[in-house]
């Protein structure tokens, strides 16, 4: 967008430098525009190169006369195509040269050089060059700067005429070669270049005036456009072309159903145009009895700060949202910083300093240590609001590093461990368990971002879709990514994840339940996902070492973070000898030391 604005500014500078003369020429060219409308137009338009994103890419087309012949002059006949509103002069090169070759595979000689400055669009007037005393077999037109089409560039000519001294076109029907060609007959083909057909002008005299005016305008621009302006225009156009190419390379967007404030009115649906609707105070909640208009305001919890939001008289809905966001993120807003650190504390200890993380009001519970909550809030706020700093602060504390061993004398006073006289054993959450199993198996794909994946087979999607979790192939590599990228069906949760106490995605869950059931152990032993990952885990252990005892030791270290004791190694090795390494891996992935943080 910035490059487009700079280009528009540059064009304005040039127009101002051209003054009245440029204005008059533009007016005259517009008046003569109807003169270049073709009188006759054959469907065989001419030769058309392939499309290029770079205007400076060279393209050429040539005619082989069959034998060396004496040439008097040549004429390039422009095309006419209404594509992108271009019309006459469609695809005519901005800069080009004409080279000739006396014999096949002989050296090329330059007969015409138009590469130093831009050639104005000739409309439908022939562009003629005298080539007296030139003898050649092959005539080549090389475009060194292509014509702009629509966000891209091309080279197109309707007819190449080669005249001898008698005025006869000796190129009629001769073979044509080109660097490339779109070949879309009958309109565009290489053979069209020498078929004798091209768009005929309705009024040749006025068309000539048009060409002269265009040429005069180009001559004026050549004087006005300094080398610096030419360089700036070329750079800006290159930047725009590159940006448009990058945009074109982006994947096509998907259908999104989103609310909008600007749309065409349909029936009773009218656009709000961003103006907030009036919200009334309802007497006893009765929609049929609206009272005074409610005032946008916040909670009166910041000292010396008015709870009513400061908004201009004719504000938009976005102004309200911005004002609310600014209020939430105020450094002196106690609710924001307390709420954030309380949730981080809950993540590490299983329970927040305020046990009701979604409610700090009258319906919520009091903090167990209000001074600590305030200290953490200020520490987080004043250290760049760094999550990493807060996590490091908590996990390096003596409270976090306590043992989880029970102490009867403390349990009698604080049985729920609200004051953290010991560490709470925290089980991994459902998503963490799945990710840990994938990591142990060696199948975890750490790629971030991108589309999500299904953990079910979708049947009958056209109506009342069936989400068949039991039919899903757990070996599908697309699903071997972090659980945060899985597709969640609110109406039919994943049974495996639900068994492991995954939160209900259809409602807000400030704190997850943590249960211990036999069904969880059975799922971690027999679910198809665990069976599949156990096979991969066993393969990983066998690749690590060839002896069974080393495989058992390595697997135990991976899952628990410590080497096995002599008794553990003996029992697990005996089990692996009897039931195989895959079943050993099922046991390892069901250990408490793997599932719990101790």
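The values are calculated or read from the model by the stated rules, or taken from the named source; none is laboratory data. Note that the coordinates shown come from a computational prediction; the quantities given were computed from them, not determined experimentally. FYI the Cβ positions are ideal-geometry reconstructions off the backbone, even for glycines, and counts take in every protein chain you see.
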Right, residue 463: over 30 Å from residue 564 (Cα atoms), at pLDDT below 90 and loosely packed, with under 14 Cβ neighbours inside 10 Å or not?
-> yes
Selection from the range 206-230 of residues over 16 Å from residue 94 (Cβ atoms) and free of Cβ contacts under 8 Å to residues at least 24 places away in the same chain yields 212, 223, 226, 227, 228
Picked from the range 313-332 (must be in contact with a helix residue (DSSP H, G or I) (Cβ under 7 Å, 6 or more places away or on another chain) and either assigned to a loop (DSSP other than H, G, I, E, B) or in the same structural domain as residue 373 (by TED's automatic domain parsing) (or both)), the residue surrounded by the most Cβ atoms within 10 Å (Cβ to Cβ) is 329
Okay, helices (runs of 4 or more DSSP H) sitting entirely in the range 336-425 with 2 or more residues that are farther than 30 Å from residue 298 by Cα and under 35 Å from the mean Cα position of the chain (by Cα), I get 387-395
When every residue in the range 426-471 that is more than 28 Å from the chain's Cα centre (by Cα), assigned to a loop (DSSP other than H, G, I, E, B) and touching a residue at least 24 places away in the same chain (Cβ under 8 Å) is compared, the one farthest from residue 556 (Cα to Cα) is 429
Checked against (1) modelled with pLDDT of 90 or more; (2) more than 23 Å from residue 582 (Cα to Cα), residue 491 satisfies every condition except (1)
Residue 596 vs (1) loosely packed, with under 13 Cβ neighbours inside 10 Å; (2) in contact with a helix residue (DSSP H, G or I) (Cβ under 7 Å, 6 or more places away or on another chain); (3) in contact (Cβ under 8 Å) with a residue 40 or more places away in the chain: all pass except (2)
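Do the conditions hold for residue 478, that is, is it in contact with a strand residue (DSSP E or B) (Cβ under 6 Å, 6 or more places away or on another chain), more than 30 Å from residue 424 (Cβ to Cβ) and part of a helix (DSSP H, G or I)?
yes
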Exactly one of 505, 523 is within 22 Å of residue 489 (Cβ to Cβ), outside the structural domain of residue 584 (by TED's automatic domain parsing) and either surrounded by 15 or more Cβ atoms within 10 Å (Cβ to Cβ) or in contact with a helix residue (DSSP H, G or I) (Cβ under 7 Å, 6 or more places away or on another chain) (or both), and that residue is 523
Of the listed residues (500, 531), the one being at pLDDT 90 or above, within 15 Å of residue 430 (Cα to Cα) and surrounded by 13 or more Cβ atoms within 10 Å (Cβ to Cβ) is 500
* Does at least one position in the range 485-497 carry a residue that is part of a loop (DSSP other than H, G, I, E, B), surrounded by 17 or more Cβ atoms within 10 Å (Cβ to Cβ) and without any contact (Cβ under 8 Å) to a residue 24 or more places away in the chain? -> yes
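A quick yes/no check of all residues on (1) in a strand (DSSP E or B); (2) modelled with pLDDT of 95 or more:
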| site | (1), (2) |
| --- | --- |
| 22 | no, no |
| 29 | no, no |
| 34 | no, no |
| 44 | no, no |
| 76 | yes, yes |
| 89 | yes, no |
Verdict on residue 66 being surrounded by 21 or more Cβ atoms within 10 Å (Cβ to Cβ), more than 38 Å from the chain's Cα centre (by Cα) and within 23 Å of residue 189 (Cβ to Cβ): no
Of the residues in the range 253-292, those that are outside any loop (DSSP other than H, G, I, E, B) and surrounded by 10 or more Cβ atoms within 10 Å (Cβ to Cβ) come to 280, 281, 282, 283, 290, 291
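Per-residue answers, yes or no, for (1) more than 31 Å from the chain's Cα centre (by Cα); (2) surrounded by 13 or more Cβ atoms within 10 Å (Cβ to Cβ); (3) at pLDDT below 80:
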position	(1), (2), (3)
18	yes, yes, yes
49	yes, yes, no
52	no, yes, no
62	yes, yes, no
The residue from 381, 418, 425 that alone is in contact with a strand residue (DSSP E or B) (Cβ under 6 Å, 6 or more places away or on another chain), farther than 30 Å from residue 491 by Cβ and surrounded by 12 or more Cβ atoms within 10 Å (Cβ to Cβ) is 425
When residue 123 is run through (1) under 42 Å from the mean Cα position of the chain (by Cα); (2) modelled with pLDDT of 85 or more, the failure sits at (2)
Checked 390, 373 against criteria (closer than 24 Å to residue 427 by Cα and touching a residue at least 12 places away in the same chain (Cβ under 8 Å)); the one match is 390
Residue 505 meets each of (1) free of Cβ contacts under 8 Å to residues at least 40 places away in the same chain; (2) over 30 Å from the mean Cα position of the chain (by Cα) with one exception, condition (2)
In the set 542, 550, 511, the lone residue that is farther than 19 Å from residue 436 by Cα, in contact with a helix residue (DSSP H, G or I) (Cβ under 9 Å, 6 or more places away or on another chain) and either surrounded by 19 or more Cβ atoms within 10 Å (Cβ to Cβ) or touching a residue at least 40 places away in the same chain (Cβ under 8 Å) (or both) is 511
The lone condition residue 213 fails out of (1) closer than 30 Å to residue 24 by Cα; (2) not in a helix (DSSP H, G or I) is (2)
Exercise. Could you say whether any residue in the range 240-251 is within 23 Å of residue 89 (Cα to Cα), in a helix (DSSP H, G or I), at pLDDT 80 or above and out of contact with any helix residue (DSSP H, G or I) (no Cβ under 8 Å at 6 or more places or on another chain)?
Worked result: yes
Of all helices (runs of 4 or more DSSP H) fully inside the range 523-598, the set with 1 or more residues that are touching a strand residue (DSSP E or B) at 6+ places or on another chain (Cβ under 8 Å) is 592-595
